[in-house]
Every structure is written in C-alpha cells, then in structure tokens.
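Structure record follows, encoded as structure tokens.
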Amino acid sequence: MIGEPTPEASDADGTTSRAEDAALTGPGVVVDGSDAAALRDGGARRLSALIVDWGGVLTDPLDSAMTTWASQEGIDFAHFADVMRTWVGGAGRGPVASGGGGEVPPRSDPLAAVGEAPREPASDPAVLAELEDAARRGLVPASPVHALERGEIGIEDFERLLAAALGERGSVVQAEGLLTRVLSGLAELRDDMLGLVRRARHAGIRTALLSNSWGEHYPEEEWEGAFDVVVISGRVGMRKPEAEIFRHTADLLGVPVDECVMVDDLAANIHGAVAAGMVGVLHKSYEVTAEELEILFDRRLR
C-alpha cells in the first residue's frame, strides 16, 4: 500500500508550492530551491543515487505530446481526458464494500479542466492511497491504466479498451497501433536532461531510470551507458507511486532507499517516492532540476 503523506493544496498548474512541499510529512522529503541546500548543509543524509522518470523528464512534457497526437488524429481531446478521468480519477468513486458498504466521497479531480492532459491520478495523496488500496483488495474495478502499467493486461487489449471508450464518446479511432501513435511525441530524448544523467553517473552517482510503461516503446539505444539500472513497471509487475517499486529500484542500485533522489514530473509519483523514504524533486524544467540536483549532490552537473 502507498504511504500517505499529509494532503496539500495544488497550484493551478497541478504542482505544489515550495511552502506546501516543505509541509509534506513522511520518511522522505520533497526539496525545492533553498530546501535542497538546507538538506545538504544540515547533514541530514548522504545522497548517492539519482533516479529519473522517462516521459516528461527525459522527454518533452506529456501533455504536449498527447495533445499533439489528438490533434493529428482528429480526436476530441476532451474525450481522451474524460476516459483518463474515469479510468484513473474515478476508480475510487462509487460503491465500496466495507462491512455495511458505503461511498468513497469525491475529492480532488485529476484534471484541473477539460482539455488539459492528465498530470496525476489524484492531487490528494491520501485519495491516491485509498484508490490503490481499494483496487488491490478488489473493492473497486482495477483501472485499465494501472493494469497496463503493471503488465497485467496486454497492449492490444488496452488499445481495444481505449478505442472503444473513445468511440463511446464520439471519437472514432483505430485500435491497432494506438499506443504507438499516442506516445509518438515522446520518441526523442532531451539532450539536456540525458546529458545531466550522464554527467551524474560519470561523477560517481549511481543512476536509474524508473518508468511506468504503456508498452515497450522505449528508445533504449539513445540512453546506452547513462544508467546503472533500468526499471520498467510492466516488466516488474509494480508501478509508481507504489512504495515497492521505489524500494526495488534502490535494491537494484545497491544503495539504501534514503540515499536516493527521485526526479519525476508527476506530483503523485513524488509523493510515493517520499513515502518510500527517498528525496523527491518535482521536475519543472531542466534548469530548475539541474540546480536542485547540484545542491543536493554538492557537485557541478551542468
């Protein structure tokens, strides 16, 4: 089960403010700007490993990639957003068998507005934990997205489900090859972020890629030599933000979980990393992330 850090409010763009991040409780910590310097200078922990996400960190943002796909394929993006809301955000809403039964009350909407790409399953980490736990115990239907990311359903099955759901909303799309088209905007890696990872590894920092997979679409030849460890959710049967996958990655790296820094563009995944005991850096841009990592690891990475 996912750890449950203290819930916090979200900014309009789905990220949390520095003050709100600082209030986050749990085994790990979210850092931002001078918070990173305080963590380092306070001698709170030794940091020896850098773990980064793929989509949205090593690539251009997820929302731009998916809105571009929708435009190219003539899909109403509001339909895609509604499917994601139903499959991910709505998984914990509705009847829950808990003794006499009851309802999980609606809380944070995973999409700030129709037409905006899904950034996280829920902005409230307590809600996220409830959704994950309820699905694991069979109290609510498992999300097709989560099942795909854990490798519990095949790519073709997911594509048929997604095409059918879009068709029900009025956006007709061919199922075969759908995920390849949806993720085509993520095919190229960002030279700046990949270079940062390579420099970190050259400087003696252990490095890992940790990604929730929507199939086997990774340009692994482009990052050859950048990572000591590559963890893809569908290959290991776990997914972010579950604590187990963060601990599994640390084990493969051969370092304690509290010596790891996780960089991700989704706040929900950062909450999960922090709950597992890691330091979390919410990726907003190359410059901001590079600066925070330089402070945390106390070495130049640019």
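Data overview
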read-out	value
Matching option when the condition is touching a residue at least 12 places away in the same chain (Cβ under 8 Å) and over 18 Å from the mean Cα position of the chain (by Cα), among ASP228, ASP265, ASP251, ASP191	ASP228
The one condition in (1) hydrophobic (A, V, I, L, M, F, W, C); (2) out of contact with any Asp or Glu (no Cβ under 7 Å at 6 or more places or on another chain); (3) modelled with pLDDT of 95 or more that ALA208 fails to fulfil	(2)
Options ARG239, ARG235: the member that is within 20 Å of GLY280 (Cβ to Cβ) and either among the basic types (Lys, Arg) or modelled with pLDDT of 95 or more (or both)	ARG239
Residue in region 217-231 that is nearest to PHE297 (Cα to Cα), counting only those that are surrounded by fewer than 19 Cβ atoms within 10 Å (Cβ to Cβ) and either touching a Gly at 6+ places or on another chain (Cβ under 8 Å) or among the aliphatic types (A, V, I, L, M) (or both)	VAL229
Residue match in region 170-184 (condition: in contact (Cβ under 8 Å) with a residue 40 or more places away in the chain, of a type in the set (Lys, Arg) and surrounded by fewer than 20 Cβ atoms within 10 Å (Cβ to Cβ))	yes
Search result, residues across region 251-267 that are of a type in the set (A, V, I, L, M, F, W, C) and surrounded by fewer than 24 Cβ atoms within 10 Å (Cβ to Cβ)	LEU252, LEU253, VAL255, VAL257
Which numbered condition GLU176 fails, given (1) at pLDDT 95 or above; (2) among the charged types (D, E, K, R); (3) closer than 24 Å to VAL57 by Cα	(3)
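Residue-by-condition table, conditions (1) in a helix (DSSP H, G or I); (2) under 15 Å from ASP53 (Cβ atoms); (3) in the same structural domain as GLN72 (by TED's automatic domain parsing):
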| site | (1), (2), (3) |
| --- | --- |
| LEU196 | yes, yes, no |
| ARG199 | yes, no, no |
| GLY204 | no, no, no |
| TYR218 | no, yes, no |
| VAL231 | no, yes, no |
| ARG239 | no, yes, no |
| ILE245 | yes, yes, no |
| HIS248 | yes, no, no |
| LEU252 | yes, no, no |
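The values are calculated or read from the model by the stated rules, or taken from the named source; none is laboratory data. Predicted model, so just to flag it, every value in this text is computed and none were measured. Quick reminder, even Gly has a Cβ in these numbers, built from the backbone with ideal geometry, and neighbours come from all protein chains shown.
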